[in-house]
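The values are calculated or read from the model by the stated rules, or taken from the named source; none is laboratory data. As the structure is a computational prediction, the values presented were derived from the model and not from experiment. Counting neighbours? That spans all protein chains shown, and the Cβs are built from the backbone with ideal geometry, glycine included.
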Amino acid sequence: MHELSVAAALFEWAEEQSPIHAPLVIRSIELELDPMSCLNPEALRFGFTALTAETPLAGVALEFVSVPPTYECRMCGARRAFRDSPSSCSGCGAPLPRLARESSLKIRSMEVE
Amino acid sequence: MITKITFENKVLSKNDRIAADVRRHLTARGIVAVNLIGSPGSGKTSLVESTAAWCHGRVAVAALTGDQATRHDADRIERSGIPAIQITTGNECHLNAQRILDCVALDELWDIELLLIENVGNLICPAAYDLGEAAKVAILSVPEGDDKPLKYPGLFQRADLMVVSKIDLLGSSDFDADRAEANAREVAPHIEVVRLSCRTGEGLEGWTRWLARQLALTAPLTAQPA
């Protein structure tokens, strides 16, 4: 449901990037998505396509790479990616790290031509 | 020729930056913010009302309440004797950090110790947005079913506490509170759990003990407001 907000943030970022690389144009953006990100890639792609239609970013492809979620220790603040919920912090040994609060969708790369 | 440029960035980094600003503001003023997330009808507003009653004479509290439309919830909460600000989100299905930042300097929130943020009723999208809160609370009501932590792990994995609400309705469905708790711990081993009914008052002391602990954990960093 909130994929359109995320697509809008991505569109804003891509618009900032465009003049930096001109005269080259953005062809694709590669995103890292973890299974706990609460995002549907197809809905995000749909929103991005709708927002970029009839703009210089029309036709930019979104590609998704699956990555493990990031957990943060509530005692020492250490952050680490784990495929499954870890039982303790690998830094300080405190029990039961929690999924990181921040956004878990990252831009990994983009292709320009 | 196609050139690949790599980044270490985040799509929602703008929200994360604003959330960090909110957290700095609140921490400097000694305000504990709790983000209440649950389905529509899970009992978020009732929990705010019950909390207002407990806070009376003890803790200075205010509420921000998010809905797509109307100010019904803010009106309800104000009748319980605390300041309430309605955030109307229109087509947005969640609150974001900017919405909170827009409110933190308002007079109603100036001299408070506890800020209850009642998010838009939704188990998915609000979980993805850091609001700068001290803790996230997932609210699961008895009529919703005890399997929701397994179905919507993103929220429970980010929450510090799960409130099982409307326990006065236990026995009227197949909801098993022990199973709900086990399901939550299966996806989020760290999570604390309290069971309560705002209607009968049963179990509210578990919630207020948890709140008191959060309040004790946060002390002002400076004497000056940020």
Open item on the list: Let me spell it out: the conditions are (1) in contact with a Cys (Cβ under 9 Å, 6 or more places away or on another chain); (2) away from chain B (no Cβ under 11 Å), and A:ALA53 meets all of them except one. Which number is the exception?
Closed with: (1)
TODO: Inspect the range A:12-23 for any residue being over 19 Å from B:ASN15 (Cβ atoms) and in contact with a strand residue (DSSP E or B) (Cβ under 7 Å, 6 or more places away or on another chain) and give the result as yes or no.
DONE: yes
Task: helices (runs of 4 or more DSSP H) contained in the range B:1-108 and holding at least 3 residues at pLDDT 95 or above, surrounded by fewer than 16 Cβ atoms within 10 Å (Cβ to Cβ) and of a type in the set (Ser, Thr, Tyr) - done: none
TODO: Report the residue count in the range A:10-23 for those that are closer than 15 Å to A:SER103 by Cα and touching a Ser or Thr at 6+ places or on another chain (Cβ under 8 Å).
DONE: 0
- [ ] Output the strands (runs of 3 or more DSSP E) that fall wholly within the range A:1-93 and possess 1 or more residues being free of Cβ contacts under 8 Å to residues at least 60 places away in the same chain, or say none.
- [x] A:61-66, A:70-72, A:79-81
- [ ] State the number of residues belonging to the range A:51-67 that are surrounded by 14 or more Cβ atoms within 10 Å (Cβ to Cβ) and in contact with a Pro (Cβ under 8 Å, 6 or more places away or on another chain).
- [x] 2
- [ ] For the range B:123-141, name all the residues that are more than 10 Å from chain A (Cβ to nearest Cβ) and buried (at least 24 other Cβ atoms within 10 Å of the Cβ).
- [x] B:VAL137, B:ALA138, B:ILE139, B:LEU140
TODO: Considering each residue of the range B:120-168, count those that are part of a strand (DSSP E or B) and in contact with a Ser or Thr (Cβ under 8 Å, 6 or more places away or on another chain), and give that number.
DONE: 5
Open item on the list: Considering only residues that are closer than 13 Å to A:LEU62 by Cα and facing another protein chain (nearest Cβ under 9 Å), which ones fall in the range A:8-25?
Closed with: A:LEU10
